[in-house]
Amino acid sequence: MRNTRLFDRHVVRLSSTETGEDVRQFLQGLVTQDTAAVMPSWAGLLSPQGKALFEFLLWSDGDDVLIDCESMQAEALVRRLSIYRLRRKISIAIDPTRAVFWNADGSGDPRHPDMGERWLGTPADDDADVSAEYRAHRLALGITEGVAELGSEQTLWLETNAVELNGVSFSKGCYVGQENTARMNWRQKVNRRLVVVPLEQADLSRQRCAYPELGLSVELRRVEDMNALNLPEWQRAAII
């Protein structure tokens, strides 16, 4: 049976090129999740103002860390991380020998138990592309991802439902964008959130992108405008 691969995902590998370098410690000061914790984990790389630049899943591979990210954003992510590398002896590059695979059955995605099984493996020429099926499954759960839905420097990290989807640690210490993110959490003040709604309920002034083939719209809505929406249970609990 052919492996079911997400062809719209790439894997970026971070590895030490010199003894004594610690890749996890390097990322600890950059991303929203605790890189000392168990992986996979969902995390973001933010602007200093706390807005999402990139979102991805982090995987452990021995001393290396693998980043499961959008294919169209992979090169930009490598460039951004390389800016922070400075003189550290760390290699940051897309790894063509690894790919992201997914199956609707099973579990393992850190964002939600119903997201299905996800794993990294070796790509093959006869892999089946299930990117469309994955997108439909994800959006049916109300879970957003990627630059088309989150935007670039358009959405504060907590507006992506990062708390509810296990995408942020409030105990790990400083990272880029941490100050504003922590302040919003302390004040319990998330005024807007990304939501997935049927196209017939769409508000074009709030719309980030639409999927006509699925009949869905991704929007950044004010919380007080969300009460009439048919939200998933995990998101409804967040706005009560």
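The values are calculated or read from the model by the stated rules, or taken from the named source; none is laboratory data. For clarity, every value in this text was computed on a predicted model and none was experimentally measured. Glycine gets a Cβ as well: all are built from the backbone with ideal geometry, and neighbour counts include every protein chain shown. Side chains are part of the model used for accessible areas, which takes the heavy atoms of the whole protein and leaves out ligands, DNA and RNA. Shrake-Rupley method; radii C 1.70, N 1.55, O 1.52, S 1.80 Å.
Annotations
- Charge sum, other residues only, whose C-beta stays under 13 Å from A93's C-beta, Lys/Arg counted +1 and Asp/Glu -1: +1
- Taking GluC sites (Glu not before Pro) as exposed when DSSP calls them loop and at most 14 other C-beta atoms lie within 10 angstrom, the chain has its longest site-free stretch at 19-152.
- When its C-alpha radius of gyration is set against 2.2 N^0.38 Å (N residues), the range 46-98 gives a value of 1.18.
- Each Lys and Arg Cβ is given +1 and each Asp and Glu Cβ -1; about its Cα centre, the chain then shows a dipole of about 1000 debye.
- Sparse-neighbour loop sites [trypsin sites (Lys or Arg not before Pro); the range 41-133; at most 10 other C-beta within 10 Å; DSSP]: R87
- Aspartates and glutamates whose Cα lies under 16 Å from that of K189, excluding same-chain neighbours fewer than 8 positions away: E159, E164, E179, E224, D225
- Additional length obtainable on full extension of the chain from D8 to A37, 0.36 nm per residue less Cα span: 7.8 nm
- DSSP H segments from the chain that extend 30 Å or more along their own axis, Cα-based, with Kyte-Doolittle mean of 1.6 or above: none
- Rolling a 1.4 Å probe over the protein heavy atoms gives the chain an accessible area of 48 Å² per residue.
- Each residue, T19 and W186, gets one label point 7 Å from its Cα in the Cβ direction; the gap between the two is 4.3 nm.
- In this structure the amide hydrogen of V65, modeled in the peptide plane, comes within under 5 Å of the amide hydrogens of L14, none closer than 5 places in sequence on its chain.
- Its Kirkwood hydrodynamic radius, worked out from the mean inverse distance over all distinct Cα pairs, puts the chain at 18.5 Å.
- Principal axis box of the range 134-190, alpha-carbon based, largest edge first, Å: 35, 20, 20
- Taking 0.36 nm per residue of separation and subtracting the current Cα-Cα distance, fully stretching the chain between D125 and E179 would add 14.9 nm.
- Distance in nm between pseudo-label sites at E75 and I94 (7 Å out along the Cβ direction from Cα): 0.7
- Label-point gap, in nm, between A238 and D61 - each point 7 angstrom along Cα→Cβ: 3.0
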